[in-house]
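Novice: Take a look at this one; I'll ask things after.
Where a number appears in this text, it was derived from the coordinates with a stated rule and is not lab data. Note that the structure is a prediction, hence the values are computed from the model and not measured. Cβ placement follows ideal geometry from the backbone for every residue including glycine, while neighbour counts extend to all protein chains displayed.
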Ligand SMILES: *Cc1c(COP(=O)(O)O)cnc(C)c1O
């Protein structure tokens, strides 16, 4: 009988053995009156002290919103940091590989290339659903991670819980589910499943629904053991003082109204686009963008640019022939997009 593979078996040996950098603040804690331990400039200008390396206040706040314990949250300098760290924790350069879907978010591949990890792509079905058996057929003994993105970028659809759970149950490595757009979706997050499955990592971000792309804060939510590895490998002060402070303010204030307006605008924009002769197809979206198919995507793209409007040309991407990805903007911005497209007869 084969022994069950544990999370530790999947981690690179150099990371397992790594003794992490211990910051002055880790060692001393936070309740003293005079800090002469970190060679900081003592003159208070708001930024003279190093940030909290564990982001305790922000994690406590997010933990209540997400319904998970703070110890099950890692915060990165954007989800992009979490994606990069996944490779650095689990994948041995020039020997391990990962399996991902196509089309999907481009950073999984770029981070794989940077880390010299083979990136295996499995095309989605024609309706953009998962082909779970094709995904598992690409797995070999060097496969450490499967990347899923739900709702998916750029297709806008979510995958079924059944398919995702099937992969978690049938892959001995780690399944990463990127939920960057979950707050725009009618589906609920899979974060609740981390208690049951230690090989599941959920990625979320404050860049989309929370409107904080400029602050750079992404979340990885997983079992204690995996979050422990993230904390070991990350730069000690990866989230700066200002980002932690502003994020707390914005998350406390909430973005429910904004999300409602964006999803309402998404429906209106979709309805209007479907009435236009230049539009061949609009896919139902659970995110804050629409994937829209045209006969002449490059011309439409150029016309929008000529009118000062930039959208994302995805027409060269596998499975997205003819498609532009249009982010849902303000009501006024969406009207301007429609006005340009109405000129086509
Ligand atoms: C936008 C996006 C992100 C966000 O990345 P950040 O680094 O947190 O800004 C993550 N995943 C997907 C699929 C995205 O589209």
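Novice: Given the C-alpha centroids of segment 21-78 and segment 321-345, what is the distance between them in whole angstrom?
Specialist: Result: 43 Å between the Cα centres.
Novice: Quote the Stokes-Einstein diffusion coefficient, in whole µm² s⁻¹, for segment 86-196, based on the Kirkwood radius over alpha carbon pairs, a temperature of 10 °C and a viscosity of 1.306 mPa s.
Specialist: 111
Novice: Just rank 22, 207, fewest to most, by other beta-carbon atoms within 10 angstrom.
Specialist: The fewest-first ordering by Cβ neighbours comes to 22, 207.
Novice: Follow-up. Please report how far the C-alpha centroid of segment 254-307 lies from that of segment 209-253, rounded to the nearest whole angstrom.
Specialist: 30
Novice: Let me check against my output: what whole-number percent is the relative contact order of the chain, with C-alpha pairs under 8 Å and at least 6 apart? Intermediate results must be reported in sequence, preceding the final value.
Specialist: Working: 576 pairs, mean separation 61.2, N = 345.
It rounds to 18 percent for the chain.
Novice: Just the ratio, please: alpha-carbon radius of gyration of the chain over 2.2 N^0.38 Å, N its number of residues.
Specialist: Rg over 2.2 N^0.38 Å, computed on Cα atoms: 1.08.
Novice: Is the C-alpha gyration tensor of segment 285-345 telling us rounded, prolate or oblate? Criteria: a/c under 1.5 is rounded; beyond that, a/b larger than b/c is prolate, otherwise oblate.
Specialist: Oblate, since a/c reaches 1.5 and b/c is not below a/b.
Novice: Can you pull the semi-axes for segment 61-144, root of five times each eigenvalue of the Cα gyration tensor, sorted largest first, whole Å?
Specialist: Sorted largest first and rounded, they come to 25, 18, 12 Å.
Novice: Can I ask one more? Between residue 32 and residue 186, what FRET efficiency comes out of the Förster formula 1/(1 + (r/R0)^6) with R0 = 56 Å and r the beta carbon distance, rounded to 0.05?
Specialist: That gives a FRET efficiency of 0.70.
Novice: While we're looking at this one, here's another question. So for segment 157-209, what are the equivalent ellipsoid semi-axes in whole Å, largest first, each being the square root of 5 times an eigenvalue of the Cα gyration tensor? Mind showing how you got there, number by number?
Specialist: Values: eigenvalues 80, 29, 17 Å².
Equivalent ellipsoid of segment 157-209: 20, 12, 9 Å, largest first.
Novice: So, one more: D for segment 197-345, whole µm²/s, Stokes-Einstein with Kirkwood Rh over alpha-carbon pairs at 37 °C and 0.692 mPa s: what number? Provide the component values of the computation, followed by the final result.
Specialist: On the way: Rh = 17.9 Å.
Once the numbers are plugged in, D ends up at 183 µm²/s.
Novice: Hey, what's the Kirkwood Rh for segment 40-108 if you take every pair of different alpha carbons, in angstrom?
Specialist: Every distinct Cα pair counted, the radius reaches 15.4 Å.
Novice: Can you bin every Cα-Cα distance in segment 82-131 into 10 Å intervals starting at zero and give me the percent of pairs per bin, rounded to whole numbers?
Specialist: P(r) for segment 82-131, in whole percents per bin: 27, 49, 21, 3.
Novice: Moving on to the next point. Just grab the label-to-label distance for residue 257 and residue 295, each label 7 Å out from Cα along the Cβ direction, in nm (one decimal).
Specialist: 4.4
Novice: Starting from the Kirkwood radius over alpha-carbon pairs of segment 124-256, derive D by Stokes-Einstein at 4 °C in a medium of 1.567 mPa s and give it in µm² s⁻¹.
Specialist: Once the numbers are plugged in, D ends up at 80 µm²/s.
Novice: While we're looking at this one, here's another question. For each of 6, 205, count neighbouring Cβ atoms within 10 Å of the residue's Cβ, then give the residues from fewest to most.
Specialist: Least crowded to most crowded, the residues run 6, 205.
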